[in-house]
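Taking it in order: structure first as structure tokens, then the write-up.
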Amino acid sequence: LLQYPPELEKRYTVKETIGSGGFAKVKLAIHKATGEKVAVKVMCKDSLGEDLHRVQLEIDALKSLSHRHICQLYEIIETPVLFCLIMEYAPGGELFDYIIARDRLKEHEAVKFFRQIAVAVAYCHSKGFIHRDLKPENLLLDEQQNLKLIDFGLASKPMDVKHQLLHTCCGSPAYAAPEVISGQPYIGTEADLWSMGVLLYALLCGFLPFDDDNTATLYRLIQEGKYKVPDRLSKESARLIQGLLQVDPKRRLTVTDLLTHPWLCSNDRPPVQPYDILEDVRMRDVDMDVVQQMAVHFGVSLSDMHPLVVNWAFDKYTVLYLSMLKAKENGKIVKLSRLWYPADRVSGSC
Ligand SMILES: Cn1cc(Br)cc1C(=O)Nc1[nH]nc2c1CN(C(=O)N[C@H](CN1CCCC1)c1ccccc1)C21CC1
């Protein structure tokens, strides 16, 4: 790959590639100031072609979404030829590989994961975003075996998320809703819920409900909406899958039905709290201890540092604040070294 931007090299040590697909490459990197691992999604502008607008969609979505089950955007470094998205690193890899390694998940583990996915999708919908590509490949495991939703490149933000009709047929065919593949205008939230049904089936069975090498056959199977339910599935889980894999989107469960479904609140798990869906790191109070450490690091006053953090510019202040917060939540003590090169000092009063 061509040389990385100086801005990236200065504050990150770029390591090996951990993912490559389509028009992007994901590298592991170390955030020098905190020692924390991050993932850098690098995209060359000139090889993006008409995918450039997808990157813009993904950036807009990621800048608006901040939730514990969505892979957090930390910093954006853009040059005339490159986009570099510095993002949260999930060391557990893709949920897809996790399922394959175990054949299929036990019910109690599927409940745990599916609840996290449901809360993440409910949060996205509440912020007006449709993911449109929900599948196990787009769910990563973090160090605590919790899920992080990624790949918002197909996401869309219709004005009225509940009623605005979408037209683009996109996402992976096996997870696509009947109304999406039939080319009719469809409501994004309803299409995401169908994909959740396919996802839940894959978690519990280890294979797909609708699968065929021939795409035309696959489409027919999806539009018929007939699939086999293995006997070993519990009645409750089979009923939930049936509620999600309704060919008629008007008969399909909504995300609210989903969050209150008995199967999700089984094994004495408390019902999902409204906070779980509204949580936004930015709406939480700013952690003033972290801001104070940053002020010392940059050699400025707390009152100069605070506005730079709550500015959420996805710049070197945003990544430092979020990286420190994550380390703190993981019980790690991060000692920020004092900056010696004045050029890096905060511009303005100092
Ligand atoms: C695979 N793996 C194994 C370990 Br250990 C860690 C990982 C890993 O990927 N961790 C990780 N942390 N944060 C990220 C990743 C991967 N990653 C990704 O965004 N990964 C996606 C994976 N998509 C799934 C279907 C098609 C591609 C990707 C998108 C474009 C190009 C390459 C990769 C981010 C940046 C958000």
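Nothing in this text is a laboratory measurement; each read-out follows from the coordinates by a stated rule. Keep in mind that this is a model prediction, so the values were computed, not measured. For neighbour counting, all protein chains shown are included, and Cβ atoms are generated from backbone atoms with ideal geometry for every residue, glycine included.
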Where only alpha carbons of the chain are counted, the Rg and the Dmax (Å)
21.5, 69
Would you list PHE129, PHE96 from fewest to most Cβ contacts within 10 Å?
PHE96, PHE129
Proximal lysines to LYS25, defined as alpha-carbon separation beneath 17 angstrom and excluding residues fewer than eight positions away on the same chain
LYS15, LYS37, LYS41, LYS45
Rounded to 10°, Cα long-axis angle of helix 52-64 versus longest principal axis of the chain
80
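Rounded to the nearest 500 deg cm²/dmol, what is the calculated helix-only ellipticity per residue at 222 nm for the chain, with -39500 (n - 2.57) per DSSP H run of length n ≥ 4?
Values: 13 runs with 133 residues, N = 350.
Rounded to the nearest 500, it is -11000 deg cm²/dmol.
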Overall Cα dimensions of region 224-349, principal axis frame, Å, largest first:
66, 29, 24
Below 8 Å between Cα atoms, with a sequence gap of 6+, how large is the relative contact order for the chain in percent?
15
Principal axis dimensions, region 125-258 - Cα atoms, whole angstrom, descending
42, 40, 29
Treating cross-link reach as a plain straight distance, find the lysines whose alpha-carbon is under 25 Å from the alpha-carbon of LYS112, omitting any fewer than eight places away in the same chain.
LYS127, LYS135, LYS148, LYS228, LYS235, LYS326, LYS328
In whole Å, how far is the Cα centre of region 281-302 from that of region 102-165?
31
With everything on Cα atoms, drop me the angle between helix 235-244 and the longest principal axis of the chain, reported from 0 to 90° to the nearest 10.
80
Sorted by Cβ neighbour density within 10 Å, fewest at the top, the residues TYR98, TYR219:
TYR219, TYR98
On Cα atoms only, tilt of 188-205 relative to the major axis of the chain in degrees
80
Listing GLU88, GLU16, GLU78 from the residue with the fewest other Cβ atoms within 10 Å to the one with the most, what is the order?
GLU16, GLU78, GLU88
